Amino acid sequence: METTNKCDYEDDLLEELQGYKYREMFEKANNIVLGFVASTTATGAVPIPFADAPLLVGQQVAMMIAINKVFGFNIQRDALQSLVVAALGVSGATVIGKTVASNLMKLVPGAGSVAGGAVSAGTAGVITLALGKAYIEVCKAIKMGKLDQNALTKKEGREMLKKAFKEQMKKSKK
């Protein structure tokens, strides 16, 4: 008959609980992202040309702050804003092109405003989803010890976020 050491059970239980805790964090963070996708999509649909950009960045920073709370991180708003700008710069030409085109359409009364709002709304939602998912990946890396929290706002963290954002944007095109 095989005997099992009590410590083995405790270690297994602790490992299982830790895994459950992480899964719960990831699920909460994903739900936050989905909520902000809805919010930024609505903001992007506003028919006033070029009025949505500052609002969208503010909402995306707020999303990252909410994700930080889930993971227990405390990162300054300004630092998060610079991360958003850095990440968006990765897909710069595509994002800027769609944003300018949709906002120019909004200048046309009636159908142009509707079409521009639809394109802008879709673009805002896709970008927010990609940014949120990418940021969760970076937060996972911090939680798993692959990235120091203090490095998040430095080159290493920015590069990790840019790479994850770029990958998420590719997924959204499929």
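Does Leu104 count as at pLDDT 85 or above and either among the basic types (Lys, Arg) or touching a helix residue (DSSP H, G or I) at 6+ places or on another chain (Cβ under 9 Å) (or both)? Give the derivation first.
Details: at pLDDT 85 or above: no; either among the basic types (Lys, Arg) or touching a helix residue (DSSP H, G or I) at 6+ places or on another chain (Cβ under 9 Å) (or both): yes.
It is false that Leu104 is at pLDDT 85 or above and either among the basic types (Lys, Arg) or touching a helix residue (DSSP H, G or I) at 6+ places or on another chain (Cβ under 9 Å) (or both).
Tell me, please, whether a residue that is in contact with a helix residue (DSSP H, G or I) (Cβ under 7 Å, 6 or more places away or on another chain), within 23 Å of Ser172 (Cα to Cα) and modelled with pLDDT of 90 or more can be found in region 141-154.
Applying the first criterion (in contact with a helix residue (DSSP H, G or I) (Cβ under 7 Å, 6 or more places away or on another chain)) to region 141-154 yields 141-143, 147, 149, 151-153.
Imposing the further condition that a residue be within 23 Å of Ser172 (Cα to Cα) reduces the set to 141.
Keeping just the survivors that are modelled with pLDDT of 90 or more gives 141.
Taking every residue of region 141-154 in turn, at least one turns out to be in contact with a helix residue (DSSP H, G or I) (Cβ under 7 Å, 6 or more places away or on another chain), within 23 Å of Ser172 (Cα to Cα) and modelled with pLDDT of 90 or more.
For region 4-17, state whether one or more residues are loosely packed, with under 13 Cβ neighbours inside 10 Å, at pLDDT below 65 and of a type in the set (S, T, N, Q).
yes
Just the residues that are outside any helix (DSSP H, G or I) and under 15 Å from the mean Cα position of the chain (by Cα), please, taken from region 118-152. Working first, answer last.
Restricting attention to region 118-152, the residues satisfying the condition of being outside any helix (DSSP H, G or I) are 144-148, 152.
Correct list: Leu152 only.
All but one of (1) surrounded by fewer than 16 Cβ atoms within 10 Å (Cβ to Cβ); (2) at pLDDT below 75; (3) of a type in the set (A, V, I, L, M, F, W, C) hold for Val46; which doesn't?
All conditions are met except number (1).
The values are calculated or read from the model by the stated rules, or taken from the named source; none is laboratory data. Remember, it's a predicted structure, so these values are computed and weren't measured experimentally. Backbone-built Cβ (ideal geometry, glycine too); neighbour counts: all protein chains shown.
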